[in-house]
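Worksheet: the structure to be examined is printed underneath.
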Amino acid sequence: MRRQYSQKMRAPAPRIPPPASSNNKTGQRQVMSTALNEIIRRAQRGDRDAFARLVEDHYASMFRFACRYCANRQDGEDVTQQACIKLARSLEQFRFESAFSSWLYRLVINTARDMHKSRRPAVSAEFEDIVAADSAETAIYLQQVVAQVDRMGEGFREVLALVIGEGLTHAEAAVILQVRESTVSWRLHEIRKRLSAQGQSGVDP
């Protein structure tokens with residue numbers, strides 16, 4: 001007698017979608033950049049709605065960075081307000097030669113520097129709330145450094161806020177500050193040395 005073997009039906013293998021193409025991501029970024037550039041150009045031509053949209057889209061990031069730079073919420077609010085006024089006056093100077101975000105960082109930094117010359121911001125308990133949402137370690141590190149950084153010379157506070165606070169790379173911070181990447185790395189190294197000398201522990205950027 002022949003043995004009859006029943007053949008089991010095999011379910012088709014599940015289809016695994018291909019990973020997102022880097023070309024697609026690049027295309028999405030280009031579309032976003034094109035849309036932003038159009039809003040900027042309209043605002044430069046005096047379109048109030050376009051300028052309002054520009055401020056609305058970037059106010060939160062400007063405020064967050066201002067608070068991290070000043071280490072004080074009230075000063076951060078004042079800097080952001082002044083930066084928005086400067087933005088209205090100087091937007092036509094933006095030549096699309098760098099990322100708009102880099103240009104905004106410089107605008108906020110220059111505004112904060114001007115204010116910092118006239119009054120020394122103090123560390124505020126509210127500052128912890130601004131940065132703790134991103135990283136508890138970042139909040140602790142910034143609070144440790146802020147008391148020391150002002151005595152380290154110009155440029156250290158900016159590097160601290162950009163690299164530690166904003167999470168930018170050394171290269172990105174260098175572009176914004178218009179210095180060499182090695183300068184950014186050296187300043188961060190000096191900040192860590194200062195913390196170590198004061199018996200404080202920090203987070204390596």
Show the residue pairs meeting these rules: Cβ distance below 6 Å; 6+ apart or different chains; first residue within segment 157-178 and more than 11 Å from Y105 (Cα to Cα) and free of Cβ contacts under 8 Å to residues at least 12 places away in the same chain; second residue of a type in the set (A, V, I, L, M) and part of a helix (DSSP H, G or I). L168/L162; A174/V184
Please count how many residues of segment 66-83 are out of contact with any Gly (no Cβ under 7 Å at 6 or more places or on another chain), touching a residue at least 24 places away in the same chain (Cβ under 8 Å) and assigned to a helix (DSSP H, G or I). 10
Flagged in segment 30-65 as out of contact with any helix residue (DSSP H, G or I) (no Cβ under 9 Å at 6 or more places or on another chain) and either assigned to a helix (DSSP H, G or I) or in the same structural domain as F156 (by TED's automatic domain parsing) (or both), in numbering order, are Q30, V31, M32, T34, A35, R48, E56, A60
Restricting to segment 167-205, name every residue that is at pLDDT 90 or above, outside any helix (DSSP H, G or I) and crowded, with 19+ Cβ neighbours inside 10 Å. L168
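Take the residues of segment 146-156 that are assigned to a helix (DSSP H, G or I), without any contact (Cβ under 8 Å) to a residue 60 or more places away in the chain and in contact with a helix residue (DSSP H, G or I) (Cβ under 9 Å, 6 or more places away or on another chain): which is nearest to H189 (Cα to Cα)?
Going through segment 146-156, the residues assigned to a helix (DSSP H, G or I) turn out to be 146-152, 156.
After this cut, where a residue has to be without any contact (Cβ under 8 Å) to a residue 60 or more places away in the chain as well, the list is 147-152, 156.
In the following step, the residues that additionally are in contact with a helix residue (DSSP H, G or I) (Cβ under 9 Å, 6 or more places away or on another chain) were identified as 148-152, 156.
Details: Q148: 14, V149: 12, D150: 15, R151: 15, M152: 12, F156: 10 Å.
Selected residue: F156.
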Going through T169, T183 one at a time, which residue ends up being under 15 Å from the mean Cα position of the chain (by Cα) and polar (S, T, N, Q)? T169
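State all residues of segment 84-116 that are in a helix (DSSP H, G or I) and among the acidic types (D, E); if no residue qualifies, say none.
Within segment 84-116, the first condition is being in a helix (DSSP H, G or I), and the residues that meet it are 84-93, 100-116.
Correct list: E92, D114.
The values are calculated or read from the model by the stated rules, or taken from the named source; none is laboratory data. All of these numbers come straight from a predicted model, not from anything done at the bench. Using ideal geometry, Cβ is built from the backbone for each residue, glycine included, and neighbour counts are taken over all protein chains shown.
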